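S.K.: Handing you this structure, nothing more for now.
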Amino acid sequence: MEIIMNAKTLLVAGTMLTMSVCASAQKQAPPQGSAPKPFTVPAHETYSLPNGMKVTLVPYGNLPKVTVSAVVNAGNLNEPAELPGLADLMGHLMKEGTKTRTSKQVAEQSADMGGSVDVNVGADESDISTDVLSEFGPKAIALVADVARNPLFPDSEVARIKNDMLRQLTIQKSVPQNIALMRFRKLLYGDHPYGTVFATEDAIQKMTMADVKKYTTEILARNGPISTWRADLIRQR
């Protein structure tokens, strides 16, 4: 009798719980969405400077800021097969000052304008960019141009940067998602450069300043002088 009563009690409790969940689900149903608002793509202007550099100007947003980017069609795909990650080493070194400014001066001058200079290396293209208050737009362009045209490439920083890269590589390869990505890309692309996601410890340890300068020279030869890179100006006003 006790077993039967307990079974009935469980049945009643389960039914009440199901009804409660259903009622709760009904109460949490989202409201009907409104009709989508029209969106107009901002008008943009594309032109070439007297030196041949192509520029795209896009007014956007409501903030008195401007984003300046110098973009080159080169990145990890252009690295020597035996030195994956060389483009990343070059990108890190470009943050270490120019022939006329120390890395501290670059950081301080960009901070005074309300931003920072970033060097981003991707698979297909790389860029040097900054995001500053619009009143400093011309100064920001000059600063980005100096970083792009006159990188110092100090030998004294190579060992430190390579150690940082090795430490980051260990972290990246310990993440399950990255392990799956490496395996997927290798199966999909094989020996094509797209199949390589991260550098290797051996490659990082073998990289030298001579390799960086040779890579940079080859990129300039392939893409032409800095004046032929693409420049993007996004004014948020």
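S.K.: E108 - would you say it is touching a Leu at 6+ places or on another chain (Cβ under 8 Å), farther than 24 Å from Q168 by Cβ and acidic (D, E)?
M.R.: no
S.K.: Sticking with this one: Among D232, D146, D211, which is the only one that is at pLDDT below 90 and surrounded by 17 or more Cβ atoms within 10 Å (Cβ to Cβ)?
M.R.: Result of the check over D232, D146, D211: D232.
S.K.: Select, from G75, G85, G122, the only residue that is surrounded by 14 or more Cβ atoms within 10 Å (Cβ to Cβ) and within 26 Å of K65 (Cβ to Cβ).
M.R.: G122
S.K.: Now for a separate question. List pairs: first in the range 71-92 and over 20 Å from K54 (Cβ atoms) and without any contact (Cβ under 8 Å) to a residue 24 or more places away in the chain, second β-branched (V, I, T) and not in a strand (DSSP E or B), Cβ under 6 Å, 6+ apart or cross-chain?
M.R.: none
S.K.: Pull out all pairs, ordered by first then second residue, where Cβ-Cβ is under 8 Å, the residues are six or more apart or on different chains, the first lies in the range 186-215 and is closer than 15 Å to N76 by Cβ, and the second is part of a helix (DSSP H, G or I) and of a type in the set (D, E).
M.R.: What qualifies is A199/D88.
S.K.: Would you point out the residue of the range 68-86, among those that are in a helix (DSSP H, G or I) and modelled with pLDDT under 95, that is farthest from D155 (Cα to Cα)?
M.R.: It comes out as L77.
S.K.: Let me ask something additional. In the range 101-158, what residues are acidic (D, E), under 23 Å from K213 (Cβ atoms), in contact (Cβ under 8 Å) with a residue 40 or more places away in the chain and not in a helix (DSSP H, G or I)?
M.R.: Listed by number, the residues that qualify are D124, E125, D127.
The values are calculated or read from the model by the stated rules, or taken from the named source; none is laboratory data. Note that the structure is predicted; figures quoted are calculated from it, not measured. All Cβ positions, even for glycine, are placed from backbone atoms using ideal geometry, and neighbour counts span all protein chains on display.
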